[in-house]
Structure formats: structure tokens, C-alpha cells
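**Q** One structure, pasted below without further comment.
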């Protein structure tokens with residue numbers, strides 16, 4: 001999972017209660033009913049997927065016709081971190097930002113793992129700036145929203161995360177060293193395109209906006225690749 005000095009990794013998701021009182025992790029490959037997971041799901045998003053907060057998301061129909069958005073809180077590590085106590089984990093965070101974990105749902109299923117489907121070039125817009133951790137006293141009290149072409153798709157809060165930012169940093173750093181500049185994307189709430197009925201995937205011409213609390217808003221147009 002450790003790819004380079006800038007690393008994006010995932011580890012959670014949000015949840016809602018089902019009618020039996022169990023937990024429903026709404027982001028994970030169409031799972032619609034499951035008990036609260038015991039551990040976070042962690043996987044890599046390669047540095048080559050990084051994109052400008054206002055850059056274009058390239059959606060190549062030769063590779064996927066099931067591109068999807070995920071508005072997420074991005075956590076930027078500020079110091080070398082490994083084997084820390086959980087109550088010290090937030091002291092290792094330098095800043096917070098907004099991320100869109102763009103995903104190719106067809107390859108997410110076909111590969112049986114998430115890394116490649118979430119790591120296509122341009123699939124990780126982050127920004128628009130870094131808000132230092134001292135400005136965010138509680139990372140579990142931030143709204144998480146997204147819209148596509150002005151239509152609100154996601155509207156939730158980090159208070160609904162299955163695992164807190166503190167727990168995620170501690171959990172990931174138990175077995176690997178996190179370096180300054182590493183980024184953890186912390187999961188997305190309900191409202192993603194694949195979970196709609198019928199599914200609504202991104203197509204060229206769409207404009208996706210993601211925002212998290214006071215951390216700003218990123219805006220990305222979906223385009224087809226130039227073919228010359």
C-alpha cells in the first residue's frame with residue numbers, strides 16, 4: 001500500500017442503521033445489509049491518480065462506463081507515524097482537505113480488489129487547500145456533500161463514519177509507517193451513483209462538486225480522453 005511520499009489510502013465508509021438495528025456500510029461494492037465491520041477496509045489509491053481540485057476527470061469509455069464519485073474527508077499526515085497509541089493519533093495529522101475518490105465500479109467488481117479501479121489517472125482530485133489540524137478541533141463534526149450538475153447527491157456528516165479519523169490513523173500505523181504528506185481518504189456516505197435505482201454513472205459533460213465542512217469545495221468536469 002505504501003507507494004510514494006504522497007499516498008492515498010482508504011479505510012472506512014459511512015453507515016446507516018437498517019430496520020433490524022444492524023449497520024449498513026453503503027459504499028462497499030453494493031453491499032446492502034451487513035453487520036458493523038470489525039476492522040476498517042484499507043487499500044491503496046496510487047499517486048498517479050492525483051488531480052487538481054478544479055482539474056478534469058478523464059472518463060475513457062474504452063476502459064469503463066461505470067465511473068462514480070465519492071466525496072470524502074482527506075487527512076494529511078504531518079510526521080512519521082508508526083505504532084502510536086490511539087489517543088495520540090490526531091497529533092500526527094497536519095491538515096485536512098476535500099477529496100473525490102473517483103471509482104470505476106465495473107473494474108472494482110471484476111478485479112476483486114479496489115486498487116486499480118480507484119487509481120486511473122485523474123481519479124483523485126484533492127483540495128482546494130489544506131486546513132491545518134489546529135483549525136479543526138473535531139474532525140467528526142464536518143458535513144460531507146457532493147452534487148452532480150447542481151443536483152445534491154450526498155449530504156451527510158463525518159459523525160456518521162463507521163471508524164473515526166483517530167481510529168483510522170492508529171489502525172493503519174500499527175503495521176506500516178506513515179510519512180509526512182501521506183493522505184488517508186476516510187470513506188464516503190450514501191448517495192453514490194452505483195447505489196441508485198437505476199444506477200447513475202458519470203459521463204462526459206458532468207460536473208462534480210465535493211465539499212467537506214469549512215474545508216472548501218472542489219469542482220471537476222468529466223471529459224472524454226482526447227484521441228489524436
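**Q** Can you tell me which of 204, 189 is in contact with a strand residue (DSSP E or B) (Cβ under 8 Å, 6 or more places away or on another chain) and within 11 Å of residue 145 (Cα to Cα)? Lay out the reasoning, then the answer.
**A** Working: 204 fails: within 11 Å of residue 145 (Cα to Cα).
It is 189.
**Q** On the phi < 0 side of the Ramachandran plot, assigned to a loop (DSSP other than H, G, I, E, B) and either modelled with pLDDT of 95 or more or surrounded by fewer than 16 Cβ atoms within 10 Å (Cβ to Cβ) (or both) - does that describe any residue in the range 150-162?
**A** No, the range 150-162 has no match at all.
**Q** So in the range 108-134, with the set limited to residues that are modelled with pLDDT of 95 or more and surrounded by fewer than 17 Cβ atoms within 10 Å (Cβ to Cβ), which one is nearest to residue 48 (Cα to Cα)?
**A** Result: 121.
**Q** Also: Only residues that are outside any loop (DSSP other than H, G, I, E, B) and surrounded by 21 or more Cβ atoms within 10 Å (Cβ to Cβ): list them for the range 90-107, please. Before you say what the answer is, go through the steps one by one.
**A** Of the range 90-107, the ones outside any loop (DSSP other than H, G, I, E, B) are 90-100, 103-107.
Listed by number, the residues that qualify are 92, 93, 96, 97, 98, 99, 100, 103, 104, 105.
**Q** Let me ask you something else. For residues that are free of Cβ contacts under 8 Å to residues at least 60 places away in the same chain and in a loop (DSSP other than H, G, I, E, B), scanning just the range 118-140, find the one that is nearest to the chain's Cα centre (by Cα).
**A** Only one residue fits best here, namely 140.
**Q** Follow-up. Assess whether residue 172 counts as being within 25 Å of residue 129 (Cα to Cα) and part of a strand (DSSP E or B).
**A** The answer is no for residue 172.
**Q** For the range 191-212, enumerate the residues that are touching a residue at least 60 places away in the same chain (Cβ under 8 Å) and either in contact with a helix residue (DSSP H, G or I) (Cβ under 8 Å, 6 or more places away or on another chain) or not in a loop (DSSP other than H, G, I, E, B) (or both).
**A** Listed by number, the residues that qualify are 193, 194, 195, 199, 201, 202, 208, 209, 210, 211, 212.
**Q** Test residue 175 against the stated conditions and say whether it is surrounded by fewer than 16 Cβ atoms within 10 Å (Cβ to Cβ), more than 18 Å from the chain's Cα centre (by Cα) and over 30 Å from residue 224 (Cβ atoms).
**A** Answer is yes for this residue.
**Q** Can residue 195 be described as surrounded by fewer than 21 Cβ atoms within 10 Å (Cβ to Cβ), closer than 22 Å to residue 209 by Cβ and out of contact with any strand residue (DSSP E or B) (no Cβ under 6 Å at 6 or more places or on another chain)?
**A** Yes: the conditions hold for residue 195.
**Q** Hey, among 184, 218, which residue is under 13 Å from residue 100 (Cα atoms), in contact with a helix residue (DSSP H, G or I) (Cβ under 8 Å, 6 or more places away or on another chain) and at pLDDT 95 or above?
**A** 184
The values are calculated or read from the model by the stated rules, or taken from the named source; none is laboratory data. Here the structure is a predicted model, which means the values were calculated and not measured. Because the Cβ atoms are built from the backbone with ideal geometry, glycine has one as well, and the counts that use them run over all protein chains shown.
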